[in-house]
Amino acid sequence: MKRPACLLTIAFSVGCATYQDQRTPEELKRDTALWDRANAVRVTISAEQFKSCTSLGVVSERYGTGLTSNPNNGPMNGGTWEEKLLRVETVRLGGNAALMISPKEWSSAVAEWHKNMERAPLQYASRMPEESRLIGEAYRCDTPKP
């Protein structure tokens with residue numbers, strides 16, 4: 001009976017191990033500033049609000065790409081993945097406002113890839129579909145001087 005208790009102890013101790021961020025202090029500082037600015041980006045679905053703003057370009061999402069994690073793990077404005085990505089990419093482009101569009105669903109190739117990954121992950125892991133979709137447009141809006 002001592003053996004199962006020992007195995008449970010090992011399983012729990014491995015499961016409780018904490019993740020250590022591998023970023024340098026400079027990278028953490030940079031990423032914290034990026035997320036702070038992204039949190040302040042104004043996101044809307046009305047293009048009328050950007051008439052006096054400068055467009056910095058469209059923001060698209062490439063399937064399988066991720067975001068730099070928020071070092072503070074604090075709350076982020078906007079609940080959807082697409083909005084968070086739009087905010088961060090708007091900041092990277094030098095913007096402070098963004099127009100959100102309704103992104104299209106991923107193609108059937110992505111669904112097929114997920115199905116294959118469930119059956120044979122090692123065989124299909126390197127065959128991720130090359131696909132992207134438009135999620136919005138980044139803007140720089142100057143605030144009027146009083």
Inset, instruction - In whole Hz, with x marking every Gly and Pro, tabulate ³J(HN,Hα) for the stretch 38-44 from phi via Karplus 6.51 cos²θ - 1.76 cosθ + 1.60, θ = phi - 60°. - result: 5, 5, 8, 5, 7, 10, 9
Inset, instruction - Give me the distance in nm between label points sitting 7 Å out from Cα along the Cα-to-Cβ direction at Ser132 and Thr44, one decimal. - result: 2.7 nm
Inset, instruction - State, to one decimal in nm, how far the label point of Asn116 lies from the label point of Thr80, with both points 7 Å from Cα in the Cβ direction. - result: 2.8 nm
Legend entry - Reachable aspartates and glutamates, given that their alpha-carbon falls under 16 Å from the alpha-carbon of Lys51 and they are not under 8 places away in the same chain: Glu137, Asp142
Inset, instruction - Would you mind computing, in nm to one decimal, how far apart the modelled labels at Thr32 and Arg62 are, each placed 7 Å from Cα along Cα→Cβ? - result: 3.0 nm
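No value in this document is a laboratory result; all are computed from the given coordinates. All values derive from a computational prediction rather than experimental measurement. Note: ideal-geometry Cβ built from the backbone for every residue, glycine included; neighbour counts use all protein chains shown.
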